[in-house]
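**Q** Okay, handing you the structure first.
Every read-out reported here was derived from the displayed coordinates using simple, explicitly stated rules and does not represent laboratory data. The structure presented is a predicted model; accordingly, all values stated were derived computationally and were not measured. No Cβ is skipped: glycine too gets one built from the backbone with ideal geometry, and neighbour counts run over all protein chains shown.
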Amino acid sequence: MKITDRLKVEHGVFLQQLRVLRSLVELKAPNAILAAVVETIATAEEQHSQIEEQALYPALAKVLGPGSSALLSVAKEHAALRQSMARIRGGDFEDTFADLLNDHLEHEIHTLFALADEWLTETQLTTMCNWDVEHVYDAAGQRALWMRRLGGTATT
């Protein structure tokens, strides 16, 4: 499986979760519930983004250039999502999180992943998505080591 396939599948899961979040907002669920749902989505999305930022984006930067508008755009989107999550984690629920994340996911699917599939080799994309090895590292409590093996430095 290519990393772009994996990331697209994860995006599909996040998009479904965002539909549930929006339904809860429409039902005027208490902020504590909304914040818990957002935390669930955001925690998974943070690991997802870490893989993008440490594996896929650097590989794309090598062929597109580090100043590529596509890469700069998603970096800004990731920063905006982190800021939104920080506000929510600080107790200030904002319903813009769902829209921010939805737009970002769609942007990556239709722009960045398409560029990756066009510019990176099948071998590169497949190597970045070695589930068997990744799960072994996770089970051993060595996620940071796995991320370093992908070519980046992990903070978790």
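**Q** Hey, what does the equivalent ellipsoid look like for the chain, semi-axes from the Cα gyration tensor as sqrt of 5 times each eigenvalue, largest first, whole Å? Mind showing how you got there, number by number?
**A** Details: eigenvalues 157, 65, 40 Å².
Here the semi-axes work out to 28, 18, 14 Å.
**Q** Once Lys and Arg get +1 and Asp and Glu get -1 on their Cβ, which of S73, F14, W119 lies farthest toward the positive end of the dipole of the range 1-125?
**A** F14
**Q** If you don't mind, another one. For the range 1-143, what is the number of Lys pairs with C-alpha distance below 27 angstrom, counting only pairs 8 or more positions apart or on separate chains? Kindly include the intermediate steps, with their values, before the conclusion.
**A** Details: K2/K62; K2/K76; K8/K62; K8/K76; K62/K76.
Number of lysine pairs found: 5.
**Q** Translational D (Stokes-Einstein, µm²/s) of the range 42-96 at 25 °C and 0.890 mPa s when Rh comes from the Kirkwood sum over C-alpha pairs?
**A** Numbers: Rh = 12.3 Å.
This corresponds to a translational diffusion coefficient of 200 µm²/s.
**Q** Same structure again: Could you size up the charge dipole of the chain around its Cα centre, putting +1 on the beta carbon of Lys and Arg and -1 on that of Asp and Glu, and report it in debye to the nearest 20?
**A** Values: 14 positive and 22 negative charges, 66 e Å.
So the magnitude is around 320 debye.
**Q** Find which of T4, L27, L100 sits farthest along the positive direction of the dipole of the range 1-136, computed with +1 on the beta-carbon of Lys and Arg, -1 on that of Asp and Glu, about the Cα centre.
**A** L27
**Q** Per residue of the chain, what 222 nm ellipticity follows from adding -39500 (n - 2.57) for every DSSP H run with n ≥ 4, rounded to the nearest 500?
**A** Details: 9 runs with 115 residues, N = 156.
So the calculated ellipticity at 222 nm is -23500 deg cm²/dmol.
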